[in-house]
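K.L.:
My questions will all concern the structure given below.
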Amino acid sequence: MRIKKILQSILYNSVAWFFSLIMLIPLLIILINAFKTSIEAKTMSLALPKEWIFSNFMVVIERGKLGVSFLNSFLYSTASVLLCVFFGSLASYVLSRNRTKLNKIIYFIIVLGIAMPVNFVSLMKVMQLFHLSNSRIGIILLHTATQLPFTVFLIYSFIAKLPKELDEAGLVDGATPIKLFVYIIFPVLKPVLVTAGILIFLNTWNDFIYPLYYLNKSSKWPMTLAVYNFFGMYFKDFNLISADVILTSLPVIIIYLIGQKYIVTGMVSGAVKS
């Protein structure tokens, strides 16, 4: 019986490793070809380069103007995270602790935004009406508005699991509602806030549609549009395109690796309502 379990474990692990390697092949192709010459990279194979060319990355940064695009993406992602986490945590706390009929309706309307499709024509009209089209603040507010429903949903369910004795103890000690939230509740929300922040950062960084529709100036483009534009200009140089893709993906990978330990905890704790 024990041997059977060991064999099953080996079989399952072998299958998992097999499919994992298949998924890693495209990433390895991009990584290897980023260090090749333009001629070598045309085949997009797994063969190692004859000479490792590290200057491809500097060429991409200079020609693709990735410095400005990186700052734009970082600004959009960081600002969206801060706004979503701040307003989402406040709204979730109030709606979760005061479950009146009105608050339940408000929560339902907010969460409904997760499934509602975006009408780009109407949204364009709204953006133009408030002079937010083709502006950095407009893109930040747009990402904040579209990702706030999921943030509220995640944090709301997490707060619902917290005992109300925390609130009562703070009120007994003379804490005001604001101090109660800032000094008692907010620190306890760290796992779910980090989870929400990472997901918002990744979604904003990887977004392509909103900047394409609502940003006309290349000086305001994020990394995704910079890669798209670079591919249009150097579509024959697969070595430069591969280097561009790596530089664009690297910040996202780093952010994910830093906060991955919080993601499972935050998702499990926040996704199930009590």
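The values are calculated or read from the model by the stated rules, or taken from the named source; none is laboratory data. Only a predicted model underlies this, so the values are computations on that prediction, with no experimental measurement involved. Positions of Cβ are generated from backbone atoms using ideal geometry, with glycine treated the same way; all protein chains shown enter the neighbour counts. Just so you know, the surface numbers come from the protein's heavy atoms only, side chains and all, with ligands and any DNA or RNA stripped out. Shrake-Rupley method; radii C 1.70, N 1.55, O 1.52, S 1.80 Å.
K.L.:
Measure nothing fancy, just the Cα-based angle from helix 66-97's long axis to the longest principal axis of the chain, in degrees from 0 to 90, nearest 10.
P.N.:
With rounding to tens, the tilt is 20 degrees.
K.L.:
Could you give the Stokes-Einstein D for region 27-106 in µm² per second, using the C-alpha Kirkwood radius, 37 °C, 0.692 mPa s?
P.N.:
After rounding, the answer is 193 µm²/s.
K.L.:
Something else: Given the rule -39500 (n - 2.57) for each run of at least 4 DSSP H residues, summed and divided by the residues of the chain, what is its mean residue ellipticity at 222 nm, to the nearest 500 deg cm²/dmol?
P.N.:
Helices in the chain give a 222 nm mean residue ellipticity of -24500 deg cm²/dmol.
K.L.:
Ranked from the most accessible area to the least, with a 1.4 Å probe and all protein chains present, what is the order of Thr78, Thr204?
P.N.:
Final ranking, largest accessible area leading: Thr78, Thr204.
K.L.:
Another question, then. Ratio of alpha-carbon Rg to the 2.2 N^0.38 Å globular estimate for region 1-136, to two decimals, please.
P.N.:
Details: Rg = 25.4 Å, N = 136, 2.2 N^0.38 = 14.2 Å.
That works out to 1.79 for region 1-136.
K.L.:
Treat every Asp and Glu Cβ in the chain as -1 and every Lys and Arg Cβ as +1, leave all other atoms uncharged, and give the resulting dipole magnitude about the Cα centre to the nearest 20 debye.
P.N.:
It comes to approximately 540 debye.
K.L.:
What's the Cα-based Rg to Rh of region 119-274, Rh via Kirkwood?
P.N.:
Dividing the radius of gyration by the Kirkwood radius yields 1.10.
K.L.:
What order, most packed first, do the peptides 85-97, 106-118, 247-259 have when packing is the mean number of other Cβ atoms within 10 Å of each residue?
P.N.:
85-97, 247-259, 106-118
K.L.:
Can you tell me the alpha carbon radius of gyration of the chain divided by the globular rule-of-thumb value 2.2 N^0.38 Å?
P.N.:
1.26
K.L.:
Ok, one more. P(r) for region 18-58, please, calculated from all Cα pair distances in 10 Å bins and given in %.
P.N.:
For region 18-58, the pair-distance distribution reads 31, 49, 17, 3.
K.L.:
Local charge sum around Ala226 (other residues, Cβ-Cβ under 9 Å, Lys/Arg +1, Asp/Glu -1)? Display every interim value, and only then the final one.
P.N.:
Working: positive: Lys65; negative: Asp244.
Charge balance near Ala226 sits at 0.
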